[in-house]
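Asks: Below is one structure. I have some questions about it.
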Amino acid sequence: MKCLKKITLFLFFAFLSIVPVFPDIASASSPSFTPNQLKEIAKAKQKTRYVATHWDEIKQAKNPVSGTVSIESVGQAGDILVTLDGTSSSSMWAGGHAGVVSDVSGYVVESFGNKGDLNGVRHWPNDWDTRYNQVKGLRVNGAASGDYAYAASYARQQIGKPYNYNFFNITTTGSFYCSQLAWRAFYNLGYDLNDGGAVWPVDLIESPLTYAFYSKG
């Protein structure tokens, strides 16, 4: 009997060692993707890795001090915050995370799909400077103060909506993933920060319409 138990435990831990454990973002609620979409995901992963490893060379901050509220809080209402830190281990996600600085002081509107009961669009503390190793604060070329006010307000009004696991359905406003929400807030104003297909966090950095006011990492 003891021998059987040892064999069972050995097989159990061996199974865990070869089967990847993914967060909710890769759950059964995720749709299946077409071959072309899978190719785009692979390309987005490649771009994400490149930008993450060339962080200081890409979108250098025009003014690293402008827009910072405190040591931890980054940006002003309507600013876009992006990190390429490994916030998801899902094979269906290119990596990284994005949020919109809220018009409620001290908060960022963010949408997660790997936080269990905290999934979906919510207010999260604006502690990005200490939460992540790499952070870029982005602004949009030509956007006026009223545009940022709208973006912050729009993002906040989406709080309570669920996470959008269908990354290629970017037109829906019934659910949002992180970078889709940031994209939508400015798309409504006539600024398209996407290069087509799904909106990955790296797309917001690489967009010719954005510039960095803040960079860490």
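Asks: Kindly state, to the nearest 0.05, the FRET efficiency for THR173 paired with HIS123, given R0 = 22 Å and r defined as their beta-carbon distance. Could the numbers behind the result be given before it?
Replies: Details: r = 19 Å, r/R0 = 0.85.
Efficiency computed from Cβ-Cβ geometry: 0.75.
Asks: Under a straight-distance cross-link criterion of Cα-Cα below 20 Å, which aspartates and glutamates are reachable from LYS216, leaving out those fewer than 8 residues away in the same chain?
Replies: Cross-link targets: ASP56, GLU57, GLU72, ASP79, ASP85, GLU110, ASP127, ASP129, ASP203, GLU206.
Asks: Figure the gain on full extension for ASN188 and SER105 (residue separation times 0.36 nm, minus the Cα-Cα span) and round it to one decimal in nm. Write out the running numbers ahead of the final one.
Replies: Working: separation 83, 0.36 × 83 = 29.88 nm, distance 2.31 nm.
Fully extending the segment from ASN188 to SER105 adds 27.6 nm.
Asks: Within the set LYS59/LYS115; LYS47/LYS161; LYS59/LYS161; LYS43/LYS161; LYS45/LYS136; LYS47/LYS115, which residue pairs have Cα atoms separated by over 27 Å?
Replies: On the way: LYS59/LYS115 30 Å; LYS47/LYS161 29 Å; LYS59/LYS161 31 Å; LYS43/LYS161 29 Å; LYS45/LYS136 18 Å; LYS47/LYS115 25 Å.
Going by Cα-Cα distance, LYS59/LYS115; LYS47/LYS161; LYS59/LYS161; LYS43/LYS161 fall outside the 27 Å limit.
Bear in mind these aren't lab numbers, they're just calculated from the coordinates by the rules spelled out. Please read all numbers here as calculations on a predicted model, not as lab measurements. Cβ: placed from backbone, ideal geometry, glycine included. Neighbour counts: every protein chain shown.
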